[in-house]
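The values are calculated or read from the model by the stated rules, or taken from the named source; none is laboratory data. Since we're looking at a predicted model, the values are computed, not measured. So basically every Cβ, Gly included, is an ideal-geometry build from the backbone, and we count neighbours across all protein chains shown. Just the protein is used for accessible areas: all its heavy atoms, side chains included, with ligands, DNA and RNA removed. Shrake-Rupley method; radii C 1.70, N 1.55, O 1.52, S 1.80 Å.
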Amino acid sequence: MKMKLSTEVILYLVMGVLTTVINVVCFFILVQYQMDYRIATTVAWLVSVLFAYVTNKHYVFKSKTSTITSLLKEMLSFFWFRLLSYFLDLGSMIIMVSFLNLNETWAKIIANILVVIINYVLSKWIIFKHHGDNNAT
């Protein structure tokens, strides 16, 4: 049986790959300049979350917000759930690098695969569940 992927899922995967590339490249560059992997993970997370918010809002979920209040609510929700995924990312990195002695870059790639999957579920079902709002709040 063949499963047809929706345009939304394909766009999310493309943007997720780009977000992951931004995250890993940023991390790799910072580590090359002798930044501690935990700080590099944090900086890479910030850069990639900003990219992810813009691309998810405009290209993947085509979310339209009609008021500043709804925009702020959506942004705060997005960043809150991404903060949770940051802790998953950082926790995974600490376990894989400090305890399992895995190469930092490979650990980063593995952690990001898990994060991309969890972020899609959260974005689809919680953050961007409405493709627009009709409430003028």
Worksheet, complete the sentence: Residues in region 47-71 that are without any contact (Cβ under 8 Å) to a residue 12 or more places away in the chain, more than 16 Å from Y12 (Cβ to Cβ) and open to solvent by 90 Å² or more (accessible area, probe 1.4 Å) total 2
Fill in: Yes/no for F87 being part of a helix (DSSP H, G or I), within 17 Å of I110 (Cα to Cα), in contact (Cβ under 8 Å) with a residue 12 or more places away in the chain and open to solvent by 50 Å² or more (accessible area, probe 1.4 Å)
no
Fill in: Criterion violated by Y12 - all others in (1) farther than 16 Å from I118 by Cβ; (2) assigned to a helix (DSSP H, G or I); (3) modelled with pLDDT under 90 satisfied
(1)
Practice prompt. Taking the residues in region 90-115 that are surrounded by 19 or more Cβ atoms within 10 Å (Cβ to Cβ) and of a type in the set (A, V, I, L, M) as candidates, determine which candidate is farthest from K64 (Cα to Cα).
Written response: V97
Item to complete: Name every residue in region 19-42 that is out of contact with any Ser or Thr (no Cβ under 7 Å at 6 or more places or on another chain), open to solvent by 50 Å² or more (accessible area, probe 1.4 Å) and not in a loop (DSSP other than H, G, I, E, B), in order of residue number.
Response: V21, V25, I29, Q32, R38, I39
Worksheet item: Being modelled with pLDDT of 85 or more and polar (S, T, N, Q), is that true of even one residue in region 111-126?
Response: no
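For (1) hydroxyl-bearing (S, T, Y); (2) outside any helix (DSSP H, G or I); (3) under 13 Å from V24 (Cα atoms), each residue gets a yes or a no:
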{"site": "A44", "(1), (2), (3)": "no, no, yes"}
{"site": "S48", "(1), (2), (3)": "yes, no, yes"}
{"site": "K73", "(1), (2), (3)": "no, no, no"}
{"site": "Y120", "(1), (2), (3)": "yes, no, no"}
Practice prompt. Please work out if A44 is under 18 Å from M93 (Cβ atoms) and more than 14 Å from the chain's Cα centre (by Cα).
Written response: no
Discussion item. Testing T20 on (1) closer than 21 Å to I110 by Cα; (2) at pLDDT 90 or above, one condition comes back false. Which one is that?
Written reply: (2)
